[in-house]
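Below: the structure, in structure tokens.
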Amino acid sequence: MEAGAGLVAGSHNRNELVVIHGHEESKPLKNLDGQVCEICGDEVGLTVDGDLFVACNECGFPVCRPCYEYERREGSQLCPQCKTRYKRLKGSPRVEGDDDEEDIDDLEHEFNIEDEQNKHKYMAEAMLHGKMSYGRGPEDDDNAQFPSVIAGGRSRPVSGEFPISSYGHGEMPSSLHKRVHPYPISEPGSERWDEKKEGGWKERMDDWKLQQGNLGPEPDDINDPDMAMIDEARQPLSRKVPIASSKINPYRMVIVARLAILAFFLRYRILNPVHDAFGLWLTSIICEIWFAFSWILDQFPKWFPIDRETYLDRLSLRYEREGEPNMLSPVDVFVSTVDPMKEPPLVTGNTVLSILAMDYPVDKISCYVSDDGASMLTFESLSETAEFARKWVPFCKKFSIEPRAPEMYFTLKIDYLKDKVQPTFVKERRAMKREYEEFKVRINALVAKAAKVPPEGWIMQDGTPWPGNNTKDHPGMIQVFLGHSGGLDADGNELPRLVYVSREKRPGFQHHKKAGAMNALVRVSGVLTNAPFMLNLDCDHYINNSKAVREAMCFLMDPQIGRKVCYVQFPQRFDGIDANDRYANRNTVFFDINMKGLDGIQGPVYVGTGCVFRRQALYGYEPPKGPKRPKMVSCDCCPCFGRRKKLPKYSKHSANGDAANLQGMDDDKELLMSEMNFEKKFGQSAIFVTSTLMEQGGVPPSSSPAALLKEAIHVISCGYEDKTEWGTELGWIYGSITEDILTGFKMHCRGWRSIYCMPKRPAFKGSAPINLSDRLNQVLRWALGSVEIFFSHHSPVWYGYKGGKLKWLERFAYVNTTIYPFTSLPLLAYCTLPAICLLTDKFIMPAISTFASLFFIALFMSIFATGILELRWSGVSIEEWWRNEQFWVIGGVSAHLFAVVQGLLKVLAGIDTNFTVTSKASDDEDFGELYAFKWTTLLIPPTTILIINLVGVVAGISDAINNGYQAWGPLFGKLFFAFWVILHLYPFLKGLMGRQNRTPTIVVIWSVLLASIFSLLWVRIDPFVLKTKGPDTKKCGINC
């Protein structure tokens, strides 16, 4: 299918497929099946066994048998595509040169033992051809010309929109029943190694030393610049940068000291109960034990923090050599959106434009936009974005501007002339800014038009009703806007592929929200482009660093560490946040401290966006295993060194025959299980299943663009995932609204590791809710997802122990991500204890003058010392650290508490409760949303705690005034904890009060507090009441 050919809408289950052109009538799509010869145009035909005829087993270039025979007899005997000599196939006559082939002729050596070794490959071909279409209705016969197997790791180009190129770096035959990872090129057993064995011993030793780096170059090569470049290209593409020992060692010592102090503190608290306030004491003990447990889970995964460096120049030297094809791996980029009214099309358009303009080969980028709301507004705005990209992309690459999202670029208050030397830059920038403003006006017009839905539904330009008028019942839709045959940019260069996808939705099917949409994109991209790596972005996260994907490739394509890396996670950075970051939207403590610590263990968790995945890891495959050390074998005489493994005894007659029969039975069982497993795992799409076996990517050979398009509609049908492992073992995992945590957790349990990449220029930037109510609702969603994971089958508390591939400190981190919302219960109790102590005149802590108070002082000092040393090695500012501490309390007593309640109701009673915003106020000035007041039930608990503590402070001070000097000593301890709570909730109080006519909030707070204190003091003194000394005559009488 060519770019711009029209919108393809269809339903696999209903056997419907329609192409809607922009100015033509809708008509059925024809010629979906069949392969044609690229030389004569006739059908390729079948072999004598009924399989699709494949002339070249290296690239699968479609050639019919007559052309194949003619080329072997009269022509050059070479494949037109890969220039590999045609091998003699079964039933073909011999020609000159066949005897010189390395392969043994299959007709003369029909019973050779090597045929037995290749039996699985041929049986797998037949299985894919005849079995993978099971259950697909009357189209089985028509699909007989779909490709049956992968002929090799390479792919062939076809005419049409989806040209197929080799994504791999070598030719590696694939088999269906067994996962094969490419071996090192000189490993024993390879052809190259066999050739070396024929040479002398010295040559082989020199070659081995050269591989190990122990044999230096010849003296003549030392001054050769080409040799220096080759040596540079052989260097690692990245390296670990350990934290300086002067920073990390004191940090670890303080952690150990804090753990010891905490143990002494809890011991004292448990052995010294407060009998006159036993209830308060018991509550505080339970809370403190939980806080200690939660701190251990959070602290120890930060024991091995590391930084990383990447070398982009080495990446280019290795994979982008001058005069050779670009060998960088292709990347499929996924952008997901649902409601264009909540996620503005202009924001999504800027994200797409930044993807299309990033610094990466255009033929290796494919951008897929998932419209899960089937909105015509998203479709039309994406069409406008594609047209504007023809001008924007060449402008970005010509002048190397950053960032490449036009909205952010034109609004930056920086010197845009810095490092610009082209005389035409200013003129072209002004023209481009005008073009972008006109683009914004067109998008705004579409948004205004979409505000009122016509009674008859939306109508497309050609008069066809929009297929997605019913958002809950519509067919799957695919439209290719840009691509290699979809037109050129303003400078005549090709553009990356841009594909619109809206999966099919029908009543009665479970669609799994964002996770289901992402899995649909995985399958569509696997059919159409099948890049080995995938970048996942939210619609409001644009590419801020055009080299971000290259940064990820430094890890994923590194020959030393790349094969075991499942994804590269980038930190989230945000625009539009107030300078003080009142509600800790930047979350720098998590991204700059916790994630660095996890990177030193098994890798960071997946946070839902800004992540480059390895496709094979999402498909549920395990990482390749390294060579195992040989087991020591000894005799039975010494039990200290083990015993020799005893082999089963066989008779002379059964030793050969029975063993061969057992081997054959095992092979048949393995192939049968393979056939069943592929249908159960990936679904009933032969082309998609074939693509999952291509580790280096590429589209399956012998597939026409029309056949690929039909399969793309098939894999996004609403019933495709039924009775498969999608969402349980493959792709994004279902079962929680925070599917990102589950997805990364499953990969780590299989033994993969992840990488945390923090380039100097932030890779991606997005938007965050700066309003208090919106921020709390966002935190509520995250916490609710964690509670769902805790009660699910995939809870890290009890899942993933089999195999022992998940490291213990990594498990600690995952357990902490699921239980942190439960900390809201002890936190709520602990925040009310100071007020209760002040109101009841009881205290559960020892007086400051006693020896036991040293435990409290030492504990608080260790807490502050840990925080300060964390800031020292991480580079986080103390203001950011303090904002994080404040919002930990604010979110803990509000959003986390509601998440626990809602999660328990959902698990125990099946009640799904949603907390929504009910009122709204806005401001048109800068950061006006920050001061908007939106009432929600999440505000009730922290407001109550604030009022109680303020009342307790006033009551405690008034009581000390009444009781005299001796009451002030115990009061200081109570006031310390009360003010600790008030200071942590201070940003919440500012958000609750709004602007208050621009009166500083601190003035309002202290005015109320001081007014209350002075009022009580005035009542205590009361100079207008006459005070007399003596007995009370009313009680004792006059004669007392």
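If you go through segment 752-787 and keep only what is within 18 Å of I306 (Cβ to Cβ) and either basic (K, R) or assigned to a strand (DSSP E or B) (or both), you end up with R753, S754, I755, Y756, K760.
Filtered by the rule that a residue be loosely packed, with under 11 Cβ neighbours inside 10 Å and more than 13 Å from A852 (Cβ to Cβ), segment 264-285 gives H275, D276. Give I716, I733, I770 a once-over and let me know the one that is among the aliphatic types (A, V, I, L, M), touching a residue at least 24 places away in the same chain (Cβ under 8 Å), in contact with a helix residue (DSSP H, G or I) (Cβ under 7 Å, 6 or more places away or on another chain) and surrounded by fewer than 24 Cβ atoms within 10 Å (Cβ to Cβ). Only one candidate qualifies: I770.
Would you point out the residue of segment 806-834, among those that are out of contact with any helix residue (DSSP H, G or I) (no Cβ under 8 Å at 6 or more places or on another chain) and in a helix (DSSP H, G or I), that is surrounded by the most Cβ atoms within 10 Å (Cβ to Cβ)?
At the first step, the residues of segment 806-834 found to be out of contact with any helix residue (DSSP H, G or I) (no Cβ under 8 Å at 6 or more places or on another chain) are 807-808, 811.
Then drop every residue that is not in a helix (DSSP H, G or I), which leaves 808, 811.
Values: W808: 11, R811: 22.
Going through the qualifying residues, I end up with R811.
Can we say I878 is surrounded by fewer than 19 Cβ atoms within 10 Å (Cβ to Cβ), free of Cβ contacts under 8 Å to residues at least 40 places away in the same chain, within 23 Å of S246 (Cα to Cα) and touching a Leu at 6+ places or on another chain (Cβ under 8 Å)?
Numbers: surrounded by fewer than 19 Cβ atoms within 10 Å (Cβ to Cβ): yes; free of Cβ contacts under 8 Å to residues at least 40 places away in the same chain: yes; within 23 Å of S246 (Cα to Cα): yes; touching a Leu at 6+ places or on another chain (Cβ under 8 Å): yes.
For I878, the condition - surrounded by fewer than 19 Cβ atoms within 10 Å (Cβ to Cβ), free of Cβ contacts under 8 Å to residues at least 40 places away in the same chain, within 23 Å of S246 (Cα to Cα) and touching a Leu at 6+ places or on another chain (Cβ under 8 Å) - is met.
Considered as a group, the residues in segment 395-454 that are crowded, with 16+ Cβ neighbours inside 10 Å and of a type in the set (G, A, S) include one that is nearest to A548 (Cα to Cα), and that residue is A405.
Within segment 22-56, work out how many residues are at pLDDT 65 or above and buried (at least 16 other Cβ atoms within 10 Å of the Cβ).
Of all residues in segment 22-56, those at pLDDT 65 or above come to 35-56.
This time we only want the ones that are buried (at least 16 other Cβ atoms within 10 Å of the Cβ), so: 35-39, 44, 51-56.
Result for segment 22-56: 12.
Annotation: of all residues in segment 371-381 being of a type outside the set (A, V, I, L, M, F, W, C) and assigned to a helix (DSSP H, G or I), the one that is surrounded by the fewest Cβ atoms within 10 Å (Cβ to Cβ) is E380. Number of residues in segment 319-335 that are in a loop (DSSP other than H, G, I, E, B), under 14 Å from M358 (Cβ atoms) and of a type outside the set (A, V, I, L, M): the value is 1.
Evaluate the following for C749: is it at pLDDT 90 or above and outside the structural domain of N530 (by the TED database)? Full working, then the answer.
Numbers: at pLDDT 90 or above: yes; outside the structural domain of N530 (by the TED database): yes.
Yes, satisfied.
Is it the case that segment 528-535 has a residue that's surrounded by 24 or more Cβ atoms within 10 Å (Cβ to Cβ), among the hydroxyl-bearing types (S, T, Y) and over 21 Å from N326 (Cα atoms)? No, that holds for no residue.
Annotation for segment 549-560: no member residue is in a strand (DSSP E or B), closer than 20 Å to T351 by Cα, more than 13 Å from the chain's Cα centre (by Cα) and touching a residue at least 60 places away in the same chain (Cβ under 8 Å). Of all residues in segment 528-570, exactly one satisfies the criterion of being closer than 18 Å to D332 by Cβ, of a type in the set (V, I, T) and at pLDDT below 90, namely T529.
Residues in segment 561-597 that are basic (K, R) and outside any helix (DSSP H, G or I) were compared, and the one that is farthest from P532 (Cα to Cα) is R582.
Taking the criterion of being touching a residue at least 24 places away in the same chain (Cβ under 8 Å), farther than 27 Å from P705 by Cβ and in the same structural domain as L353 (by the TED database), would at least one residue in segment 514-534 satisfy it? Yes, that holds for at least one residue.
Taking the criterion of being aliphatic (A, V, I, L, M) and part of a loop (DSSP other than H, G, I, E, B), the residues of segment 704-737 that qualify are I716, I733, I737. Condition test on C67, is it modelled with pLDDT of 70 or more and in a loop (DSSP other than H, G, I, E, B)? So C67 does not fit the description; no. Checking the stated criteria, A763 turns out not to satisfy the condition of being among the aliphatic types (A, V, I, L, M) and more than 28 Å from R563 (Cβ to Cβ).
Residue-wise test of (1) in contact with a helix residue (DSSP H, G or I) (Cβ under 6 Å, 6 or more places away or on another chain); (2) modelled with pLDDT under 55; (3) closer than 18 Å to L828 by Cβ; (4) not aliphatic (A, V, I, L, M).
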| position | (1), (2), (3), (4) |
| --- | --- |
| D912 | yes, no, no, yes |
| S919 | no, yes, no, yes |
| L930 | no, yes, no, no |
| N949 | yes, no, yes, yes |
| Y965 | no, no, no, yes |
| V981 | yes, no, yes, no |
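Among residues that are outside the structural domain of C82 (by the TED database) and either at pLDDT 80 or above or over 20 Å from E725 (Cβ atoms) (or both), L672 is not included.
Taken over segment 451-462, the criterion of being in contact (Cβ under 8 Å) with a residue 24 or more places away in the chain and of a type outside the set (A, V, I, L, M) is satisfied by W458, Q461, D462.
Selection of first residues in segment 424-450 that are of a type in the set (F, W, Y) and of second residues that are crowded, with 16+ Cβ neighbours inside 10 Å, restricted to Cβ pairs under 6 Å at least 6 apart or on distinct chains, gives the following pairs, ordered by first then second residue: F425/F399; Y436/P406; F439/F388. The residues of segment 598-621 include none that are under 10 Å from the mean Cα position of the chain (by Cα) and part of a helix (DSSP H, G or I).
Condition check ((1) assigned by the TED database to the domain that holds Q461; (2) buried (at least 24 other Cβ atoms within 10 Å of the Cβ); (3) among the aromatic types (F, W, Y); (4) more than 27 Å from D740 (Cβ to Cβ)) across all residues:
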{"position": "M327", "(1), (2), (3), (4)": "yes, no, no, yes"}
{"position": "D339", "(1), (2), (3), (4)": "yes, no, no, no"}
{"position": "P344", "(1), (2), (3), (4)": "yes, no, no, no"}
{"position": "L353", "(1), (2), (3), (4)": "yes, yes, no, no"}
{"position": "V362", "(1), (2), (3), (4)": "yes, no, no, yes"}
{"position": "S366", "(1), (2), (3), (4)": "yes, yes, no, no"}
{"position": "V369", "(1), (2), (3), (4)": "yes, yes, no, no"}
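The values are calculated or read from the model by the stated rules, or taken from the named source; none is laboratory data. Keep in mind the model is a prediction, meaning the values are calculated, not measured. A quick note on method: Cβ atoms are made from the backbone with ideal geometry, for glycine too, and the neighbour counts reach across all protein chains shown.
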